[in-house]
Each structure stands twice: as C-alpha cells, then as structure tokens.
Amino acid sequence: MNPNETQMQIRPFTTADMETVLTIWLDASLLAHHFIPSRYWHDNLGPMRELYLPAANSYVLWQDGKALGFYSLYEETLAAIFVTPAQQGHGYGKALLAHAKQQRQTLRLQVYQQNRASCDFYLAQGFQIEAEQQDPHTGCAEWVMAWSA
C-alpha cells in the first residue's frame, strides 16, 4: 500500500506506544541484522524500553489505526528508524526520514555495513559516509553517515 492512499499520521511517541514500538524494533532488527545473533536483539529489549526510548525524541507512523514504523532522535543523532517488515518498501521509511529531517538541520547515524539495504537507503536519501568504525557491542563494521539541510 502506498502511504499516500490513506491517511498517514506521524505523531510523537507516548508510553502507550511502547510495546508496539518494541515489537516493530525487534522484528525489523532481526530481519535487517541477520548477521548478528538474535539473542543480542532479545537481550536489548529491556534497555530499549528502560533507557533508549525514554531518552530519545521518538515519533510513530500510524496508518489505518496501526503503527507501521517509528524513528528516534537523540540530539542530532538518528538513533533508530524502523518499519514493520511487512510494510517495508512502500515509502514509510522515506516518510519517517523526511519527518526527521524537518526536526533537525543535521543528522548523524551509524549503520552496519552488512545491512546493505539500509546503507543504500541512507545514501539515496542524501546521507554521506563520514567514517568507518567497529560497533563495540557486536564487533561488526559500521559506517558513520551524516546529512545536512
């Protein structure tokens, strides 16, 4: 379904969204990061619930009464952007990213190099690779990317 076909809303995250957002995050993380053991993602549900989401400015994309994705900003860092796997490839990620770009003049993010779909998505959306580093938690190579208005 095209995001423009029915009413889409991106609104601020509330605590009532917590479990839905965590489900989107876990399902999308497991799909996108097949190169990282699934236990890593399951082990991070608690920190996501208790630390990361409460510390960030997050927004949830709703359409037809269902949450389909979200993003989180921490200062100028795009800390998370996830779309439920069944709805990926339909423009929801672009809509979320466009909304995030309206919130900040510059955005930075880290993305696993093995997550080619996300790397290609960010490059297509105007991000540029600034650096390469290793994620201290997973040991995987990642790129630091940035975008400026």
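What the table below lists for this structure:
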{"quantity": "Dipole in debye (nearest 20) - the stretch 70-149, about Cα centre, beta carbon charges: Lys, Arg +1; Asp, Glu -1", "calculated": "300 debye"}
{"quantity": "Using a Förster distance of 35 Å, the FRET efficiency for residue 76-residue 6 (Cβ separation, nearest 0.05)", "calculated": "0.60"}
{"quantity": "Å² of accessible area per residue within the chain, as computed with a 1.4 Å probe and no ligands counted", "calculated": "54 Å²"}
{"quantity": "Where labels lie 7 Å past Cα in the beta-carbon direction, separation of residue 144 and residue 16 in nm", "calculated": "4.0 nm"}
{"quantity": "Contour minus Cα-Cα distance for residue 135 and residue 105 (0.36 nm per residue)", "calculated": "8.2 nm"}
{"quantity": "Per-bin percent of Cα-Cα distances, the chain [10 Å]", "calculated": "11, 42, 39, 7, 0"}
{"quantity": "Span from the the stretch 84-149 Cα centroid across to the the stretch 15-45 one, whole angstrom", "calculated": "17 Å"}
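The values are calculated or read from the model by the stated rules, or taken from the named source; none is laboratory data. From a predicted model like this one, the values you see are computed outputs, not experimental measurements. Neighbour counts run over all protein chains shown; Cβ positions are idealised from the backbone, glycine included. What goes into the accessible areas is simple: the full protein's heavy atoms, side chains included, and nothing from ligands, DNA or RNA. Shrake-Rupley method; radii C 1.70, N 1.55, O 1.52, S 1.80 Å.
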